[in-house]
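I have placed the structure first, in the form of structure tokens, so that the comments after it can refer back to it.
The values are calculated or read from the model by the stated rules, or taken from the named source; none is laboratory data. Bear in mind that the values here come from a model prediction, so they are computed numbers and not experimental data. Heavy atoms of the whole protein, side chains included, go into the accessibility calculation; ligands, DNA and RNA do not. Shrake-Rupley method; radii C 1.70, N 1.55, O 1.52, S 1.80 Å.
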Amino acid sequence: DDPTYPGGWVEIGPDGEPIEDSEPHDTHYHGTHVGGTVGAAAPADDDTPAYGVAPNVDLQHGLVLPDGSGA
């Protein structure tokens, strides 16, 4: 029931310290888009092909470009 623990979530602030009570999020939606492209789940209907590059894969995400920019 702890939203900060799916896979061991932690968000690190600009000072290098963990941000308390942070919940998993995507600041610019790029990671969500790429995750969907990679791991699109196979549909329940066996006659329909899966479209993801690696269907049914387990993904671990990391926020490395906050707000979509590395600058």
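Annotations for the structure displayed:
- Heavy atoms of V53 accessible to a 1.4 Å probe, total area in Å² rounded to 10: 120
- Segment Y51..H33, full-extension length gain: 5.1 nm, with 0.36 nm per residue of separation and the alpha-carbon distance subtracted.
- Difference of contour (0.36 nm per residue) and Cα-Cα distance, V10 to L65: 18.3 nm
- Ranked order, E11, E23 - accessible area, probe 1.4 Å, largest first: E23, E11
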